């Protein structure tokens, strides 16, 4: 497949998905800068794989890549924190939507990365549980229990915080 | 509002998509990435043919592939297909120059108390890549073995957003955060970035975008005003040296002559010599020499690097580093 043809096809996918992918990455990492980079990296993987994935729905593919990248980022940060004991700097979010995403990301920090991914795909992306199970390569019942347990953890933090804002 | 409703509301809000310029930048990066993979695939195919048809002939590895390059780590991602020609085995993804490990020692560049730019050895050995080193320098993280003692002109809360080497010589750098507000500190902060990157082979100049403003073609020469007359890059203080070690640095000295001598713990000189910088007497040059030790008075010695005064031959602009000697090694 020639690059020019690939560009023509991929362009529409890029414009449709880039913003959403950035949103998922922001909720999972809590870092707007890194979220943008991770979203770009996931799109780059999709671009490279385009000749194979273009005939199917490339959405799940790019989301799997994105979640894996976010999990790598989580491990990297954990290692860095262990070595130097530094947290990433707080971000001054002027945009109300980004500010809300940062608040949610902060609460999501209490979850292990896989449950974070399940919650973000279920509610932010509004994906059915079966699709999430496929994207994360996880049994359906495990995804259901992940959602239940994650909500149990999040509820006290987010409902308590909601009243004060 | 329940957590799920809050997340759902965020997800259903209208999202601003990327701009045309962002697409153009993405498309450019994507093209480069695909081209690199195609090259790797061709290299892999060639190696396979050599193995199959070349009998016992030795196969020379492409410099970009092979087990002596750092492993790309990370959790599994979906299998990626390329439209490259079919190969007998999956090609190894070539390592980007900015993620390629370099020989040690490496330096981070900070400011000494007298305001001069100086190398501070970087102790975190893995991975010793341009990206890692620059990330740590911008974040003012000297590595786990201790503080550098140097100061930084890069304001807090900056981070490396993008690093790529173009045309094999120019590093494209994007730093996210607030750049120094005054020209003097901006100049100093740029110097730290440029000196850190240009110690790696294959990086000669830097295009730096910071807070949306781009400075193009920055080289070491743009920041010579921040250096002392002699800057010693190797060896570093308390380095353990063997029977032979390298002396390396930058200098602007009279007649380009850089002198050195070694003293024992008692201060007695037991070996001396000189080397020539690539330029001198008003211009900056690099110097390099190899010092061989036949005997040493003690296991702790001091290396002194200096220029001789044109008037009386006395040492000027002296730089001293203590060294540990282990003569059993090379």
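Rule-based calculations on the coordinates, nothing more; no lab input. Please read all numbers here as calculations on a predicted model, not as lab measurements. We place every Cβ from the backbone using ideal geometry, glycine too, and count neighbours over all the protein chains shown.
Between residue B:167 and residue B:292, the modelled labels are 4.2 nm apart [label points 7 Å from Cα along Cα→Cβ].
Sequence-distant contacts, meaning Cα pairs under 8 Å at least 6 residues apart, place the relative contact order of chain A at 24 percent. Out of all DSSP beta bridges with both ends in region B:159-266, state the antiparallel percent to the nearest 5. Among the beta bridges of region B:159-266, antiparallel pairing accounts for roughly 70 percent. Angle of helix A:140-164 to the longest C-alpha principal axis of chain A, folded into 0 to 90 degrees and rounded to 10: 50°.
Counting every other Cβ atom within 10 Å of each residue's Cβ, A:43, B:227 order from fewest to most as B:227, A:43. Sorted on the mean count of surrounding Cβ atoms within 10 Å across their residues, most packed first, peptides B:103-112, A:148-157 read B:103-112, A:148-157. Relative to one another, the C-alpha centroids of region B:207-224 and region B:303-324 are positioned 33 Å apart.
For the peptides A:8-17, A:29-38, residues were scored by their other Cβ atoms within 10 Å and the scores averaged per peptide; the highest-first order is A:29-38, A:8-17.
Within 10 Å of the Cβ of each residue in B:15-27, the mean number of Cβ atoms contributed by other protein chains is 5. Seen from all directions on average, region A:8-61 presents a Cα convex hull projection of 3.5 nm².
With the convex hull drawn around the C-alpha atoms of region B:247-307, the volume per residue stands at 69 Å³. Against the compact-protein benchmark of 2.2 N^0.38 Å, the Cα-based radius of gyration of region B:200-330 scales to 1.22. Applying 1/(1 + (r/R0)^6) with R0 = 51 Å to the Cβ-Cβ distance of residue A:110 and residue B:270 gives a FRET efficiency near 0.20. Over all Cα atoms in region B:162-242, the spread is summed up by Rg and Dmax: 14.3, 48 Å. At q = 0.12 Å⁻¹, what is the log10 ratio I(q)/I(0) for chain A, with the Debye formula run over Cα points and no solvent? One equal scatterer on each Cα of chain A leads to -0.57. Legend: mean number of C-beta atoms from other chains within 10 angstrom of residue C-beta atoms, peptide A:121-133, equals 2. Inter-chain neighbour count for A:44-55: the average number of beta-carbon atoms from partner chains within 10 Å of each residue's beta-carbon is 5. Computed from label points 7 Å out along Cα-Cβ, the spacing between residue B:102 and residue B:116 is 2.2 nm. In this simple spin-label model, placing a label point 7 Å from the Cα along the Cα-to-Cβ direction at both residue A:9 and residue B:159 gives a separation of 3.5 nm. For residue B:182 and residue B:304, the difference between the fully extended length at 0.36 nm per residue and the C-alpha to C-alpha distance is 40.3 nm.
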